[in-house]
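A.B. asks: This structure is in structure tokens; I'll ask about it shortly.
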Amino acid sequence: MVVKKNAVKSKPAIKKIVSSKAKNTVVKGKVEKTAKTYSVLRGMRDILPKEERHWSKLYHVAENLAEYFQFGRIETPILEEASLFVRSVGKGTDVVDKEMYIFEDRDGTKVCLRPENTAAVMRAYISNGLWNQAQPVKLWYLGQMFRHDRPQAGRYRQFWQVGFETLGSADPAVDAELIMIAHNFYSDLGLPVTARLNSLGVPAERERYRNELVNYYRGKRSYICGDCKARLTRNPLRLLDCKNKECLEVKETAPQIIDYLGAESKNHFMKVLEYLDVLEIPYQLDHTLVRGLDYYTHTVFEFYGPEGEEGAQSALGAGGRYDLLAEQIGGKATPGCGFSLGLDRVVLAWREYMSKNNQELPKQKMEIYVAQLGEEARRVALRLVNDLRGSGIKVGFNFSKGSLKIQMELADHAQVPYVLIVGQKEVQDKTVIIRDMESGIQEVVDQKKVEALLKRKLGHS
RNA sequence: GUGCCUAUGGUAUAAUGGUUAUUACGUCGGUUUGUGGAACCGACAAUACGGGUUCAAUUCCCGUUGGGCACCCCA
């Protein structure tokens, strides 16, 4: 066998696996299985039709919201220059330091699979000169992100996010609008969530707060857990996340960032809250909420799933304002605000919630089943199926089945109200049998009149 | 990245250091292609991979890989 150059690399691995498989099959005396079998990579997954049904509902909800609130959909590449995220998300964050899929492209460029999309959207805004359009520019996206994390339920290495971003306005009304949209997304699904929010102010204020926090914790060093001691030097704001009992007490009397905000920042935040009150969107202030990515300023928020299902992955979506991001990645100063929703988690939480409350998730609905008998009938039925499509009737059929019994069974499983039966006799007479599956009553109808009759029976206008 | 738990047909499960690995769902089919819902019958299909202990391993031990939980972090 001639092996091409580019195949050389994979050759040994294949050989090894083939030999081990071969041993197995010889022992069992069964048909030889020579090819390697593949499965999905760790943290990746196939979403099969049965589950995808739920996903498409989410897509529709997002699409409708975008249309209503006039966000334009943006598609950015999955592959970006790695430094885009290093500069925006921030060195020192786990997302950048430990979790990026980063590699050298063939020309030596350091590229990565996007770990999030806000920075990429901002990059697109800058590189396409969108500041020349009417401001603010409202964009939304739907796509996969990649982080090399350790997989858990609701956490994958390739995961889906829907995001909405409003660029070019610092107005607190924008923050409120976005929180409202995110909130609507969940409520359109019938999934109750709670919003938590906080303000991080501007970097100088955050810095001052950080110092105070460190001072405070230094004094209590002997009362806190090991993790927190490490956080104290590495990432002080994370001290606020600790769930350890001993630390909770210390946390309770810790300084709160809100007290370190200047008048302008405070005012901005108050405005956001006022707007949310007007919108009657419930929220909880959470002074321990500190978003992980460096680019956040002012408002930050997170959405949590229904109570009781408090897993570690209960944050279903999050976002905030990022007024300094544009400059960080080399653009001219452009305020922005946005959020992204983790669809893998939303689907998970949604399904759980719905089944717990015995609510129905969307199903593929079939209205008619077409059964055929014999070659001639198959042709007529095939034609019939295609014609019915024009009238918007959802038709099920399986022409690879020969027996009527089995086709009836399939129709029964599909829970259709009517079955059309075409056999030799009907072909001759140019008729079709319509069987009412509930009553079992059958009528013979002229083929030409089937469509109109079905429309009437199914209540189509 | 750290710690703990786990792995049996496509799915959910039973069992065992020793003949042919249980059951249900599923899929395919059932008295030569004309009728579904109940019931019945048959077929398909599994001990993740690699090593060790043993006369004998699906079972015990180790490693790898996958999955789960908690931490870290995050959506």
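A.B. asks: By count of other Cβ within 10 Å, fewest leading, how are A:His413, A:His298 ordered?
C.D. replies: Going from sparsest to densest Cβ surroundings: A:His413, A:His298.
A.B. asks: In addition: For segment A:319-461, what are the per-bin percents of Cα-Cα distances with bins 10 Å wide, up to the bin holding the maximum?
C.D. replies: Whole-percent P(r) values from 0 Å outward: 10, 30, 18, 12, 11, 9, 8, 2.
A.B. asks: In debye, nearest 20: dipole of chain A around its Cα centre with unit charges on the Cβ of K, R (+) and D, E (-)?
C.D. replies: For this selection, approximately 2800 debye.
A.B. asks: In addition: List the extent of the Cα atoms of segment A:259-330 along each of their three principal axes, largest first, rounded to whole Å.
C.D. replies: 41, 31, 23
A.B. asks: Can you pull the three principal axis extents for the Cα set of chain A, in Å, largest first?
C.D. replies: So the three principal-axis extents are 92, 66, 50 Å.
A.B. asks: Starting from the Cα-Cα distance between A:Cys225 and A:Asp105, subtract it from 0.36 nm times their residue separation and give me the gain in nm to one decimal.
C.D. replies: Separation in residues times 0.36 nm, less the Cα-Cα distance, equals 38.9 nm.
A.B. asks: Could you count how many Lys pairs in segment A:368-458 have their Cα atoms under 20 Å apart, skipping same-chain pairs fewer than 8 positions apart?
C.D. replies: Pairs that pass both the separation and distance tests number 13.
A.B. asks: Follow-up question, since we're still on this one. Counting Lys +1, Arg +1, Asp -1, Glu -1, what net charge surrounds A:Arg42 among other residues with beta carbon under 11 Å of its beta carbon?
C.D. replies: Its environment carries a net charge of +2.
A.B. asks: Residue separation times 0.36 nm, minus the C-alpha to C-alpha distance between A:Asn132 and A:His60: what's the value?
C.D. replies: Computed gain between A:Asn132 and A:His60 is 22.9 nm.
A.B. asks: Which shape class applies to segment A:120-256: rounded if a/c is under 1.5, otherwise prolate when a/b exceeds b/c and oblate if not, where a ≥ b ≥ c are the square roots of the Cα gyration tensor eigenvalues?
C.D. replies: The shape class here is prolate.
A.B. asks: Between their Cα atoms, which of A:Lys243/A:Lys266; A:Lys98/A:Lys251; A:Lys138/A:Lys332 are more than 24 Å away from each other?
C.D. replies: Exceeds cut-off: A:Lys243/A:Lys266; A:Lys98/A:Lys251.
A.B. asks: Can you give the three extents of the C-alpha atoms in segment A:301-393 along their principal axes, from longest to shortest, in whole Å?
C.D. replies: Result for segment A:301-393: principal-axis Cα extents of 70, 42, 20 Å.
Taken together, the values in this text are just the output of simple stated rules run on the coordinates, not laboratory data. For clarity, every value in this text was computed on a predicted model and none was experimentally measured. Neighbour counts run over all protein chains shown; Cβ positions are idealised from the backbone, glycine included.
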